[in-house]
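Below: one structure, written as structure tokens.
The values are calculated or read from the model by the stated rules, or taken from the named source; none is laboratory data. None of the values given here were measured: they were computed from a predicted structure. For neighbour counting, all protein chains shown are included, and Cβ atoms are generated from backbone atoms with ideal geometry for every residue, glycine included. With ligands, DNA and RNA removed, areas are computed over all heavy atoms of the protein, side chains included. Shrake-Rupley method; radii C 1.70, N 1.55, O 1.52, S 1.80 Å.
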There are 2 protein chains.
Amino acid sequence: MIWYKEQIDDDIVVSTRIRLARNISGLPFPRVMNAEQKQKAVSTVRDAVIGGNSTLASMFDFTDINALSDMHKQSLIEEHIISPELAEKEGGALLRSNDGTMSIMLMEEDCIRLQIIRGGLCLDEAWETADKVDDVIEESVEYAFDSEFGYLTSCPTNTGTGLRASVMMHLPALVMAGNISKVISSAGRLGIAVRGLYGEGSKSYGNLYQFSNQVTMGNSEKEIIDKLKNIVNQIVSLEKQTRESIKKNNGEELEDKLWRSYGTLKFARKISSSEAKTLLSDVMIGKNMGIINTGASLTELMVMSEPAHIAESAGKQLTSAERDKKRAQMLRENI
Amino acid sequence: MIWYKEQIDDDIVVSTRIRLARNISGLPFPRVMNAEQKQKAVSTVRDAVIGGNSTLASMFDFTDINALSDMHKQSLIEEHIISPELAEKEGGALLRSNDGTMSIMLMEEDCIRLQIIRGGLCLDEAWETADKVDDVIEESVEYAFDSEFGYLTSCPTNTGTGLRASVMMHLPALVMAGNISKVISSAGRLGIAVRGLYGEGSKSYGNLYQFSNQVTMGNSEKEIIDKLKNIVNQIVSLEKQTRESIKKNNGEELEDKLWRSYGTLKFARKISSSEAKTLLSDVMIGKNMGIINTGASLTELMVMSEPAHIAESAGKQLTSAERDKKRAQMLRENI
């Protein structure tokens, strides 16, 4: 099931992502490929995944990115299935599993960007799946590999394992307590990069932060994953402690704030994308802490409230003001 | 029925009040009376209203103000049945009709302060009622009256007719459009005093304004009432026009704002007295304009959300924080 529908709202960890970057031996990196080389690379990988000999054949569908509407591309970006870069690339393609958990971007920065994305914290399981799919592809495709450097990639920051392991965390209490920047800089010193999911710069809406390994070389995949897991677990504890402390010292103020956000979601007639994240984050912490009892899938509503998803549900392009109305309606009906 | 339960939320005029100030011939004004004189004055008026010969006898109850708890006195002030001044006075008393529409304060600034208070705009009817009650009292009590000045009162601003006619108006659109101070100063030039009902200085919560005649002498009661009625009707038109114009130019923003207030009333866990007024005013305009369909009596909820009413419903004195919680609960249950 696609990550945001897994209904793991009661977890501090919203989702786990494993990404492997691979290139094809004997072919240049996509940015310097000509059209013919791109076609060849795409068909090579496509055949490896959905060709007659592949054990994955029945699980994946192939999509030519340039054949998709802008709205559909944007919607895939909002679901983290493709990157904004792929949407822009000439000759880009996507192999995607029917259950939505696995996707392979072709001709993005690297020839192959294999991604496993799942709800909750499941780094080991996601890594195992990625490793298996990688093995299937490798049966038919010779990867660009160097015995000293490991897997070769377009950008040296991915060279080595080609592995980027990421965990998306919902950290409202650390944000409320003003401790999030301390957490981010501590993680940075330990080799973990952190970025807010929504919003730009230091301003993040929805209190969602993505933690991922900075270094891909010099450690094994298992070491990279264990280190990230270790740090994530520490941050989970810290968030939990902070929630308890807020509950103890400002419980009534917190309860009031969270219920007000629920009331706004339930009745407002215009809600911007950034406000939706903030309100949904409040309801999510309320649900986590047993304050607000709702069956709504809040992570899913965060994705559904993104601009292209709103436009898709309306079946047409909308102005920003029209989207705000449509978004408020969707949230009212689903919260 | 007591004014705020009349459910006239769909009117711009919330309530009408007629007040007559009278004193007793041969007795000084209350502020210079001794205890014995006060007792005599009280029993004279009490007998006139509920004595054996009075046609009003079965309609009124007598209450010694000093026998009431502070909470109860405060609650009567919040319902505009007595004034804050009466609550403080030694020897003060109250005659109140069973239906809550008529009250007579004894030994306030003047010996007799007769008040008729009703929901909606009904200056003529309220004046007729006041005039009848006044006549009944006058059958047994000789009023302090001067052929040149008219009825004599403790403060010269009431001398003459002793009449203060007041109308409470809900003017959210004029406030939103930034035109309320213009309305207030225009009314002032026409001899009409205006004050915000809740809040101090120029800051008024709940957009409720009381309009009343400044001058009590030199005009007949009918002239005073007709002038006030005329000005009130002009302001009603102005408020209606402004509502239409806001609806036309900013209808969606307005709708969103009003529904958000409804959502806050429906879900918040702590609401201050002033915020309650603001939110209820929003829902009231929403109900008036056909945007929000609610059976709740919003004027009643404004009174019920006042501090002493909250304490009374809890049956004990509460801290401000406790009241905010209790108020939010009461509003959630009744909105």
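Taking 0.36 nm per residue of sequence separation and subtracting the Cα-Cα distance, how much length would be gained by fully extending the chain between A:Glu333 and A:Ser313, in nm to one decimal?
5.9 nm
What gaps in nm, shortest first, separate B:Ser320 from its twins in the other copies when you place the label 7 Å past Cα toward the beta carbon?
From this label point to the equivalent ones elsewhere in the assembly: 3.9 nm.
For the stretch B:203-219 and the stretch A:21-70, what is the centre-to-centre distance using only Cα atoms, to the nearest Å?
79 Å
Would you mind giving the total buried accessible surface between chains A and B, with a 1.4 Å probe and ligands, DNA and RNA left out, rounded to the nearest 100 Å²? Please report the intermediate quantities before stating the final value.
On the way: alone 15250 and 15260 Å², together 28930 Å².
Counting both chains, the buried surface is close to 1600 Å².
Identify, among A:Ser297, B:Ile117, B:Asn98, the residue whose Cα sits farthest towards the positive end of the charge dipole of the protein assembly as shown, taking +1 on the Cβ of Lys and Arg and -1 on the Cβ of Asp and Glu, with the dipole about the Cα centre.
Positive-end residue among those listed: B:Ile117.
Please give the average number of partner chain Cβ atoms lying within 10 Å of the Cβ of each residue in A:269-280, rounded to a whole number.
2
Using the Karplus equation 6.51 cos²θ - 1.76 cosθ + 1.60 (θ = phi - 60°), what ³J(HN,Hα) coupling, rounded to whole Hz, does each residue of the stretch B:245-250 give in order, writing x for Gly and Pro?
These are the phi-based 3J(HN,Hα) values: 5, 5, 4, 6, 8, 9 Hz.
Among B:Val283, B:Leu331, B:Leu254, flag the residue with its Cα farthest along the positive direction of the charge dipole of the stretch B:250-334, charges on Cβ as +1 for Lys/Arg and -1 for Asp/Glu.
In the stretch B:250-334, that residue is B:Leu331.
Could you tell me which of B:Leu238, B:Gly191, B:Asn158 has its Cα farthest along the dipole of the stretch B:3-240 towards the positive end, charges placed at Cβ (Lys, Arg +1; Asp, Glu -1), taken about the Cα centre?
B:Leu238
Can you give the calculated 222 nm mean residue ellipticity of the protein assembly as shown, where each DSSP H run of n ≥ 4 adds -39,500 (n - 2.57) and the sum is split over every residue, rounded to the nearest 500 deg cm²/dmol?
Dividing the helical sum by the residues of the protein assembly as shown leaves -15000 deg cm²/dmol.
Hey, can you find the accessible area per residue of the stretch A:116-253 for me, probe 1.4 Å, expressed in square angstrom?
Normalised by residue count, the accessible surface of the stretch A:116-253 is 49 Å².
Would you kindly derive the ³J(HN,Hα) couplings of the stretch A:40-47 from the backbone phi angles with the Karplus curve 6.51 cos²θ - 1.76 cosθ + 1.60 (θ = phi - 60°), listing them in order in whole Hz, with x for Gly and Pro?
Once rounded to whole Hz, the list reads 4, 4, 4, 5, 4, 6, 4, 4.
Please tell me which of these pairs span more than 22 angstrom C-alpha to C-alpha: A:Lys5/A:Lys182; A:Lys240/B:Lys270; A:Lys287/A:Lys326; B:Lys38/B:Lys222; A:Lys257/A:Lys287?
In this structure, A:Lys5/A:Lys182; A:Lys240/B:Lys270; A:Lys287/A:Lys326; B:Lys38/B:Lys222 lie more than 22 Å apart at Cα.
Every other copy gets compared here: list the nm distances from the B:Glu148 label point (7 Å along Cα to Cβ) to its counterparts, shortest first, one decimal.
Here B:Glu148 shows inter-copy label distances of 11.8 nm.
Other chains' Cβ within 10 Å of B:244-256 residues: what's the mean?
2
So, in Å, what gap is there between the alpha-carbon centers of the stretch A:159-194 and the stretch B:157-171?
Between the Cα centre of the stretch A:159-194 and that of the stretch B:157-171, the gap is 66 Å.
So how exposed is A:Val42, as accessible area in Å² (1.4 Å probe, rounded to 10)?
Accessible area of A:Val42: about 10 Å².
Taking the label point 7 Å from Cα in the Cβ direction, how far apart in nm is A:Gly290 from each other copy of itself, listed shortest first?
4.8
For the stretch B:1-117, what value does the Rg/Rh ratio take when both radii are computed over Cα atoms and Rh is the Kirkwood radius, given to two decimals?
Expressed as Rg/Rh, it is 0.98.
Say R0 is 56 Å: what FRET efficiency, to the nearest 0.05, do A:Asn233 and B:Ser245 get from their beta-carbon distance?
Efficiency, from the Cβ-Cβ distance: 0.45.
What FRET efficiency, computed as 1/(1 + (r/R0)^6) with R0 = 45 Å and r the Cβ-Cβ distance, is obtained for B:Glu88 and B:Glu253, rounded to the nearest 0.05?
0.50
Using the Cα centre of the stretch A:3-240 as the reference point, and only Cβ charges (+1 on K/R, -1 on D/E), how large is the resulting charge dipole? Debye, rounded to the nearest 20.
Taking the Cα centre of the stretch A:3-240 as origin, the dipole is about 720 debye.
Work out from phi, with θ = phi - 60° and the Karplus expression 6.51 cos²θ - 1.76 cosθ + 1.60, the ³J(HN,Hα) of each residue of the stretch B:130-135, listed in order in whole Hz, and give x for Gly and Pro.
3J(HN,Hα) across the stretch B:130-135, in whole Hz: 4, 4, 5, 4, 4, 5.
With +1 on each Lys and Arg Cβ and -1 on each Asp and Glu Cβ, and nothing else charged, work out how big the dipole of the stretch B:1-141 is about its Cα centre, in Debye to the nearest 20.
About 460 debye.
Could you give me the percent of Cα pairs per 20 Å distance bin for chain A, shortest bin first, beginning at zero and ending with the bin that holds the maximum distance?
That works out to 30, 55, 15, 0, in percent per bin.
Each label point is 7 Å from the Cα along the Cα-to-Cβ direction; what then is the distance between the points at A:Ala67 and A:Val136, in nm?
Taking the two extended label points, one gets 2.0 nm.
Which is the longest run of chain A containing none of the trypsin sites (Lys or Arg not before Pro) found in DSSP loop states (not H, G, I, E, B) with at most 13 other C-beta atoms within 10 Å?
Between exposed loop sites, the widest span is A:1-202.
Using amide H atoms built in the peptide plane, which far-off residues or other-chain residues are under 5 Å from B:Leu56 H to H?
Correct list: empty.
Near B:Lys247, which aspartates and glutamates are there with a Cα under 16 Å away, not counting those fewer than 8 places off in the same chain?
Hits, sequence-local ones excluded: B:Glu239, B:Glu255, B:Asp256, B:Asp282.
Quick check: the angle from helix A:180-189's long axis to the longest principal axis of chain A, C-alpha only, nearest 10 degrees?
The two axes meet at around 30 degrees.
If the only charges are +1 at each Lys and Arg Cβ and -1 at each Asp and Glu Cβ, what is the size of the charge dipole of the protein assembly as shown around the Cα centre, to the nearest 20 debye? Present the calculation step by step, with values, prior to reporting the outcome.
On the way: 78 positive and 94 negative charges, 148 e Å.
With only Lys, Arg, Asp and Glu charged at Cβ, the dipole is about 720 debye.
Since chains B and A are linked by a rotation, which residue in B has the beta carbon closest to its axis, and how far is it in Å?
Output: B:Gly263, 2.
First compute the accessible area of chain B with a 1.4 Å probe, then give the percent of it belonging to carbon and sulfur atoms.
Of the solvent-accessible surface of chain B, carbon and sulfur hold 47 percent.
In what order, largest first, do B:His72, A:His80 sit by accessible area if the probe radius is 1.4 Å?
Largest to smallest exposure gives the sequence B:His72, A:His80.
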